[in-house]
Amino acid sequence: MTPAWVLHPDITSDRSRRAAGPALEEAVALAAALPGLEVLGSSVVRLPKPHPGALFGSGKIEELKTLFKEQDVELVLVDGPVSPVQQRNLEKAWGVKLLDRTGLILEIFSDRAATREGVLQVEMAALSYQRTRLVRAWTHLERQRGGLGFVGGPGETQIEADRRAIDDQLVNLRRQLDKVVKTRSLHRAARAKVPYPIVALVGYTNAGKSTLFNRLTGAEVMAKDMLFATLDPTMRAVKLPNGPDVILSDTVGFISDLPTELVAAFRATLEEVLAADLILHVRDISHSATEEQAQDVRDILNSLGVTETTPLLEVWNKIDAMDDEVREATQARAERSADVFATSALTGDGLDALLGAVNRILEGDRREETLHLGFDEGRKRAWLFDKALVEDEIQDETGYTVRVRWSAKDARQFETL
């Protein structure tokens, strides 16, 4: 186990800074999510603005050096961005390894990615991150190397060669990822022919999405009390009580200040949300920063282009973690809104009401209608059967009289065929 210490720089001049207490708590939870680390302690360091060369002032650096030496700390995790120069100077001053928030999240993603696509995306994100750190981090590597002219040529600096090697790896990874994404899109196209609506679970990391997914599907998705327990989207067909079959999708947990490299890399894992007929926004309503977490999720959904036309229900999860008085008040608040449901995925409390609402939204105001299709409209007829909308059909000499039960959305899709 590597002894580690977590630091949260609370920069008072940063208007967008998060509350120091919950931010440090989340940073410690991030560290705990990485196997092989033993978090010995954590600290909030208040400073008016970051020092360009070393992030912290010289006095604070000396104070922390003494602390780390006494505790035998080998790794310091800084909950925020650290420039290559700052990282090099702090590592030299403290005699430890240092990871910033982006580096730590990349390590966790690398450890958790399970599918081929997830692994490739993590590798690409890590290389993009590493490439940015070549700019200043390695300017001291001024050695030149010669060559035969086909590997960079004589006179190429080491940093240029390293950057070229990373670019070559990125090109190779993109090619592999393109193949995987094509396969994925074929699977999605095949699912589109199945008459199942998609219900996507989204939410801040550790909100309880995977626990809810497991309870509804009986699947064994990794559902631990740690950040980023699920990275790759998991999908299962589920029969709703007194309702339709649906495809339930569990997605990667959102987090504030997600590294830009990962926002791009994991966009594909959230594509299921874009295709969803209904979104369930799962919140840990017992968390002290639940409102801030919910806003982070909304911001990311907006950035992904999830339109307001996609129905969304808020699932206020983990009411079992509250004391009786707070839980009753929370349930009363939820009951005042038609789109909010107080639940416990762990105990099952509140799930019947939630599933009833899911049912109503997906079934919609379905109506029966009779259509007449000519023999030359086989494509339209096949589509109706594929979507399981046909209640009855009679064939005569002019074609088919088809009785369907469908929603307005189905009718609009049918008109475009």
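Read-outs: derived from the displayed coordinates by stated rules, not from any lab. Remember, it's a predicted structure, so these values are computed and weren't measured experimentally. Cβ sites come from the backbone with ideal geometry, for glycine too, and all protein chains shown count toward neighbours.
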In the range 270-375, the trypsin sites (Lys or Arg not before Pro) that sit in a DSSP loop and have at most 16 other Cβ atoms within 10 Å of their own Cβ are 336, 366
Quick one: order 287, 281, 8 by neighbouring beta-carbon count within 10 Å, fewest to most. 287, 281, 8
Could you give me the ³J(HN,Hα) list for the range 245-256, computed from phi with Karplus coefficients 6.51, -1.76, 1.60 and θ = phi - 60°, whole Hz, x at Gly and Pro? 6, 9, 9, 9, 10, 9, 10, 4, x, 7, 8, 5
Non-local amide H neighbours of residue 278 (under 5 Å, H modeled in plane, Pro and chain starts lacking H): which ones? 198, 200
Once phi for every residue in the range 58-64 is put through the Karplus expression 6.51 cos²θ - 1.76 cosθ + 1.60 (θ = phi - 60°), the whole-Hz ³J(HN,Hα) values, with Gly and Pro written as x, are 4, x, 5, 5, 5, 4, 5
Leaving out same-chain residues fewer than 8 places away, which aspartates and glutamates sit with a Cα under 18 Å from that of residue 92? 62, 63, 70, 72, 74, 100
Per the rule of 0.36 nm per residue minus the C-alpha distance, extending residue 383 to residue 275 adds in nm 37.0 nm
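Applying 1/(1 + (r/R0)^6) with R0 = 22 Å to the Cβ-Cβ distance of residue 91 and residue 70, what FRET efficiency is obtained, to the nearest 0.05?
On the way: r = 18 Å, r/R0 = 0.83.
The computed FRET efficiency comes out at 0.75.
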Once residue 309 and residue 368 are pulled to full extension, the length gained, defined as 0.36 nm per residue separation minus their Cα-Cα distance, is 18.9 nm
HN-Hα J in Hz across the range 372-381 - Karplus 6.51, -1.76, 1.60, θ = phi - 60°, x for Gly and Pro: 10, 10, x, 5, 7, 10, x, 5, 5, 5
Which cross-chain or sequence-distant (5 or more) residues have an amide H under 5 Å from the amide H of residue 44, H modelled 1.01 Å from N in plane? 8
With DSSP loop assignment and no more than 11 other C-beta atoms within 10 Å, the trypsin sites (Lys or Arg not before Pro) in the range 1-41 are 15
Over all alpha-carbon pairs of the range 1-79, lay out the pair-distance distribution in 10 Å bins, whole %, shortest bin first. 18, 48, 31, 3
Within the range 308-374, which GluC sites (Glu not before Pro) sit in a loop by DSSP and count at most 10 neighbouring Cβ atoms inside 10 Å? 308
